[in-house]
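Below you'll find the structure, written out as structure tokens, and then a few comments.
Read-outs: derived from the displayed coordinates by stated rules, not from any lab. Please read these numbers as outputs of a predicted model, since none were measured by experiment. Counting neighbours? That spans all protein chains shown, and the Cβs are built from the backbone with ideal geometry, glycine included.
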Amino acid sequence: MTFYIIMYYVSLAFKAYSFMLIAYILMSWIPAAQNSAIGRMLEKVCEPYLGIFRKFIPPIGMIDISPIVAIFLLNFIQNGLFIVIQKIYFMF
């Protein structure tokens, strides 16, 4: 029972961060939205993670594909963390 609760909250945290990334990306299309309180909060939370990918992945024309790569990597990290938690939990 405890295992499923742990997995639920880890999954919930990753989903929440993924939705925040998507909201931040969509808000970049509307300049007035970025200057709002929510936009500034999302920038503080999302930009450090997205900045890592923007250093290595240049934009293709006007399109920045680094957020797509960042979300895919976030899903891979989530799956890897699930495997680690599962191995640790069932080891004892």
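In this Cβ point-charge picture (+1 for Lys and Arg, -1 for Asp and Glu), the chain has a dipole of about 120 debye about its Cα centre.
A straight Cα-to-Cα reach below 26 Å connects Lys87 with the lysines Lys15, residues fewer than 8 places away in its own chain not being considered.
Where does the Debye-calculated log10 I(q)/I(0) of the chain sit at q = 0.12 Å⁻¹, using only Cα point scatterers of equal weight, no solvent? Debye curve over Cα of the chain, log10 I(q)/I(0) at q = 0.12 Å⁻¹: -0.48. Expressed in Å, the radius of gyration and Dmax of the Cα atoms of segment 4-48 are 12.6, 41.
Ellipticity at 222 nm from helices only: DSSP H runs of n ≥ 4 in the chain, each -39500 (n - 2.57), divided by the residue count, give -28000 deg cm²/dmol. If you plug the beta carbon distance of Ala32 and Leu81 into 1/(1 + (r/R0)^6) with R0 = 35 Å, you get a FRET efficiency near 0.45. Taking 0.36 nm per residue of separation and subtracting the Cα-Cα distance, full extension of the segment from Phe90 to Ile52 would add 10.3 nm.
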